[in-house]
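Every number here is computed from the coordinates shown, using simple stated rules; none is lab data. Quick caveat, the model's predicted, so the values are computed rather than measured. Glycine also receives a Cβ, built like all others from the backbone with ideal geometry; neighbour counts cover every protein chain displayed.
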Amino acid sequence: MAPIPVPFKIQVEEQVLADLRQRLTRIRWPAQAPGTAWQHGTSMPFLREVMAHWRDNFDWRQWESRINRHSQFLVPMAWGDIHVLVEEGSGDNPTPIILSHGWPGSFVELLELVEPLAHPERFGGSVADAFTLVIPSLPGYGFSPPPTAMVTPRQTGELWHSLMTEVFGHSRYLVHGGDMGSSVSSWLALDHPEAVLGLHLNNAVLQPEWTLAEQPPTAEEQEFLGRFMASMEGESAYQQIHGTKPQTLAYSLADSPVGLAAWILEKFQRWTVGAEDCALPFDYDHLIANLMVHWLGDPGAATWMYRYLLDMSAFTLPPGRRIEVPTGVCLFPNDCAMPPPDSWLRRSLNLVHCTRAASGGHFPGLECPQVLIDDLRAFNRLLKA
Amino acid sequence: MARFLMAVYSHPVPGMEDEYHRWYNEQHLPDVLRVPGVVAAQRFAALPGEDGSRDPYLAIYELDCDNPQEVVAALTAAMGTDRMVMSDALDLASIKITFYDPVSARQVAEEG
């Protein structure tokens, strides 16, 4: 038999929160490196504000009860339990969709989408646009415990397919993802075109290397590739650490809330506004709720998949293969995963829908949820037409 | 149609035993019985051991279906909606679910 989902609610023990409060009052701050606030990493004035908010104003129990309003399950799967949030959509025929977050996000990235996507009629929309949402936490993220092996994005896609079909009974479904979730979703669409109605991504990360021999990059594509490589300069050290020595990093992430916050929040700044003098497009509560999900789980384990980013296997399409299911993308200009030209997308994807948003970055579910909601509805309507 | 048994073991949240039994008997069994494929249900309490401790409570569901996985999917979809209201009195961490497939015919003692 397929795995049996066990009903789950987040009920963090009081002693875990008391221990965290202790740590938040005992931070040992380092020196601020000379230069501007974000020049050498996470800004200290910013981080001091976040940590003060975490200590004095953040209410985990409120988030816990908010999250617990949705059905959740722990599903025993090949490499350990997977935490899944499920929201049944309104109406007679909601479209099943599985949504995947990435690093350093978590399912918190997707929370603002849940109610409007599942129940559009409560937000001035049409019930015909309703989705039934399945939101798993990647292996080792938050309430999905550390997996017993370093699972690849492609294997994770297989887990997701099993969740959708065998466990939750959706034989045809849509797939959405961003960041590592974009990789997972793309593999799932490649490997299960018989089940995946459509693929929707908020960044397009697949590398269609095998196509370059036959079709050398156009001038526009070369310009994009050059710009992308240049943008990675000085920005990929975290990938090297995650992908090569995650255990060394894990001790400080697991032991120090400020260490975890600094490691994660640098990306929430760099991959959105990026500039020193702009406020981040998030409120502290959402940023900290995401940190909490990592803190309450095992933040080291959430970095394990990066070894497959370093060896490129997470993103490299097998020779001769291309995603044939109808694919829609909604790309954001400030994303660190820079929006490629259409021609580049078409090398890996059967592109039927392409939105280039006017603003936004790597975390659209938190930055501008309505843009993502509208785009998912538009993509689904296109597929149903 | 094959007939399967679904056994669900659980404990109440300490101090909420009355609410647990009320919810389970009056709300939950009728909710589950509305799921297609579930045809009968009954709950049992383990008799206390010598030290007074109890094994988990048991709910036995009889399923008439070809594939119990479809019943699981339907149960999962209903859970948390108004079709299947959950209770804070149920200790979710204590839940164990096992499905059983008959490996013999039902045999009964001879009258006498």
Counting other Cβ atoms within 10 Å of each Cβ, which GluC sites (Glu not before Pro) in region A:215-271 have at most 14 and sit in a DSSP loop? A:E233, A:E235
Over chain A, with a Gaussian network built from C-alpha contacts below 10 Å, which listed residue (A:D283, A:D129, A:D335) shows the highest mean-square fluctuation? A:D283
For chain B, with only Lys/Arg (+1) and Asp/Glu (-1) charged at the beta-carbon, what is the dipole magnitude about the Cα centre, in debye rounded to 20? 240 debye
Could you give the dipole magnitude of region A:42-384 about its Cα centre, charging the beta-carbon of Lys and Arg +1 and that of Asp and Glu -1, in debye to the nearest 20? 380 debye
Each residue of B:63-73 has, on average, a number of other protein chain C-beta atoms within 10 Å of its C-beta equal to 3
For the pair A:Q247 and A:Q11, the simple spin-label estimate (label points 7 Å beyond Cα toward Cβ) gives in nm 3.5 nm
Could you grab the relative contact order for region A:42-384? Cα pairs under 8 Å, six or more apart, rounded to a whole percent. 21 percent
In region A:59-144, the trypsin sites (Lys or Arg not before Pro) that sit in a DSSP loop and have at most 15 other Cβ atoms within 10 Å of their own Cβ are A:R69
Long-range amide H partners of B:M86 with built H, under 5 Å: B:G80
Using just the helices of chain B, give the 222 nm mean residue ellipticity in deg cm²/dmol: DSSP H runs with n ≥ 4 each add -39,500 (n - 2.57), and the total is spread over all residues, rounded to 500. -5000 deg cm²/dmol
Rule-of-thumb Rg ratio for region A:250-338 [Cα; 2.2 N^0.38 Å; N residues]: 1.37
Here region A:22-28 yields Karplus 3J(HN,Hα) values (6.51, -1.76, 1.60; θ = phi - 60°; whole Hz; Gly and Pro given as x) of 4, 5, 5, 8, 10, 5, 9
Along region B:36-44, what does the Karplus equation 6.51 cos²θ - 1.76 cosθ + 1.60 (θ = phi - 60°) give for ³J(HN,Hα), rounded to whole Hz, x for Gly and Pro? x, x, 8, 10, 7, 8, 7, 10, 9
Considering every Cα-Cα pair within chain B, what fraction, in whole percent, is farther apart than 22 Å? 38 percent
Give, in nm to one decimal, the length gained when the segment between A:A78 and A:Q62 is fully stretched (0.36 nm per residue of separation minus the Cα-Cα distance). 2.5 nm
Taking θ = phi - 60°, what integer Hz values does the Karplus form 6.51 cos²θ - 1.76 cosθ + 1.60 yield along region A:58-73, in sequence order, with x for Gly and Pro? 7, 10, 4, 4, 5, 5, 4, 6, 4, 5, 6, 5, 9, 5, 9, 9
Helix-derived mean residue ellipticity, 222 nm - over chain A, DSSP H n ≥ 4, -39500 (n - 2.57), to 500: -12000 deg cm²/dmol
Excluding residues on the same chain fewer than 8 positions from A:K245, give the lysines whose Cα lies under 24 Å from its Cα. A:K267
Which whole-number percentage describes the relative contact order of chain B, with Cα contacts under 8 Å and a sequence gap of 6 or more? 44 percent
Excluding residues fewer than 8 places away in the same chain, name every one of the aspartates and glutamates whose C-alpha is closer than 13 Å to that of B:K96. B:D55
Rounded to whole angstroms and listed largest first, the alpha-carbon spread of region A:13-171 along its three principal axes comes to 57, 43, 36
Quick query: amide H of A:Q72 versus all other amide H atoms, modeled in the peptide plane; which residues come in under 5 Å with a sequence gap of 5 or more or a different chain? A:F8, A:V86
Which residues qualify? For A:T316, with a placed amide H closer than 5 Å and at least 5 residues away or on another chain, they are A:Q207
Alpha-carbon centroid distance for the pair region A:300-374 / region A:143-207, whole angstrom: 13 Å
Using only the Cα atoms of chain A, each taken as one equal point scatterer with no solvent, compute I(q) by the Debye sum, divide by I(0), and report log10 of the ratio at q = 0.08, 0.13, 0.15 Å⁻¹. -0.39, -1.10, -1.50
Roughly speaking, what is the stretch gain from A:M1 to A:A219, that is 0.36 nm per residue apart minus the C-alpha to C-alpha distance, in nm to one decimal? 73.2 nm
Give me the one-decimal nm value for the distance between modelled label points at A:M232 and A:T316, 7 Å along each residue's Cα-to-Cβ direction. 1.2 nm
In region B:13-92, the trypsin sites (Lys or Arg not before Pro) that sit in a DSSP loop and have at most 15 other Cβ atoms within 10 Å of their own Cβ are B:R34, B:R54, B:R83
